[in-house]
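Undergrad: Structure below; questions to follow.
The values are calculated or read from the model by the stated rules, or taken from the named source; none is laboratory data. Not measured: the values here are computed from a predicted model. All Cβ positions, even for glycine, are placed from backbone atoms using ideal geometry, and neighbour counts span all protein chains on display.
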Amino acid sequence: MQAVDEAIKNGVDLDGTPIPPKMLELYNKIMNKENKRKRSGVKKSMRNRCVKTGSKHFDKETLDKLLIDSGWEGLKEKEISFFYN
């Protein structure tokens, strides 16, 4: 993740090609808004990241069990619908 953040900051993709200015502008506009959004807590943000990224690497049953075994609630129906359908 740090490599991606650094590449964005430098305006170049990981392969060294320039990122188009309009793409950087939109990305920065959205990230600025996101940084101003009120947060509900670190653990909730951690869970959200685990669901978003974990859904790319685990089937829903495995990710659900991993979440529960780690002390978080399992996958919600809306998460299953969004990430697995």
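Undergrad: Would you confirm whether any residue within the range 13-36 is without any contact (Cβ under 8 Å) to a residue 24 or more places away in the chain, among the aliphatic types (A, V, I, L, M) and not in a helix (DSSP H, G or I)?
TA: The answer is yes, given that some residue of the range 13-36 is without any contact (Cβ under 8 Å) to a residue 24 or more places away in the chain, among the aliphatic types (A, V, I, L, M) and not in a helix (DSSP H, G or I).
Undergrad: Assuming Val51 fulfils every condition listed in (1) in contact (Cβ under 8 Å) with a residue 24 or more places away in the chain; (2) farther than 30 Å from Gly11 by Cα; (3) part of a helix (DSSP H, G or I) apart from one, which condition is it?
TA: Against the list (1) in contact (Cβ under 8 Å) with a residue 24 or more places away in the chain; (2) farther than 30 Å from Gly11 by Cα; (3) part of a helix (DSSP H, G or I), Val51 comes up short only on (2).
Undergrad: Condition (residue is at pLDDT 95 or above, more than 30 Å from Ser81 (Cα to Cα) and surrounded by 10 or more Cβ atoms within 10 Å (Cβ to Cβ)) applied to the range 25-46: is it met by at least one residue?
TA: Yes, that holds for at least one residue.
Undergrad: So which residues in the range 37-48 are among the basic types (Lys, Arg) and outside any loop (DSSP other than H, G, I, E, B), if there are any at all?
TA: Lys43, Lys44, Arg47, listed by residue number.
Undergrad: List pairs: first in the range 70-85 and part of a helix (DSSP H, G or I), second β-branched (Val, Ile, Thr), Cβ under 8 Å, 6+ apart or cross-chain?
TA: Every condition considered, the pairs that remain are Glu79/Val51; Phe83/Val51.
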